[in-house]
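The next block holds one structure in the form of structure tokens; read it before the comments.
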Amino acid sequence: QDAQGISGLIFTANTGTLAGGFESVFTPAFAHHRGFFVNNGSSSNGPTLEAVHIPSIAKAWSVTLSDSDSFATPPLVVGNTVFIETRAGQLLGYDYRTGAQIVSMNLGYGSGYQGPSVGLGYGAHMLIVPRGSELIGLKGS
């Protein structure tokens, strides 16, 4: 992160020239002509997940967690849903178009887990949530 709070750079695809920058705690996700970025928050508001239109970088929507929680994984887009996990053990899912919350699942472990989070995964029609030496596999209906 540089002095202006920029943690990533955006380059044009056709010329490779610098087009702008972004701030995100985790590697952003990109799908459906949108980018999804996680920010730590500030003293006036909690951590945010923000969607921006690509290539204009105009904000599409954002959601903010309460000050008592924070995001624990990078976002992952599966179909029309942006999934992300919190340190309190919540799996959250948001509609990529509107930011409406469509998934809220308590994964049952809370903030007691102190190991590093490696991020969510998807394969064989299952959402994979790593947790220490365990994997939680969730299959939709």
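The values are calculated or read from the model by the stated rules, or taken from the named source; none is laboratory data. Just so we're clear, the structure is a prediction, and the values are computed from it rather than from any experiment. Using ideal geometry, Cβ is built from the backbone for each residue, glycine included, and neighbour counts are taken over all protein chains shown. To get the accessible areas, we keep the full protein, side chains included, count just its heavy atoms, and leave off ligands, DNA and RNA. Shrake-Rupley method; radii C 1.70, N 1.55, O 1.52, S 1.80 Å.
Is it the case that segment 101-108 has a residue that's at pLDDT below 90 and either part of a strand (DSSP E or B) or of a type in the set (D, E, K, R) (or both)? Taking every residue of segment 101-108 in turn, at least one turns out to be at pLDDT below 90 and either part of a strand (DSSP E or B) or of a type in the set (D, E, K, R) (or both). Kindly provide the set of residues from segment 74-90 that are assigned to a loop (DSSP other than H, G, I, E, B) and open to solvent by 20 Å² or more (accessible area, probe 1.4 Å), ordered by number. Pro74, Gly79, Asn80, Arg87, Ala88, listed by residue number.
Across segment 110-126, not a single residue is classified as modelled with pLDDT of 75 or more, among the β-branched types (Val, Ile, Thr), surrounded by 10 or more Cβ atoms within 10 Å (Cβ to Cβ) and under 16 Å from Phe71 (Cβ atoms). Restricting segment 56-73 to residues that are under 26 Å from Thr12 (Cβ atoms) and touching a residue at least 24 places away in the same chain (Cβ under 8 Å), the residue that is least open to solvent (accessible area, probe 1.4 Å) is Trp61.
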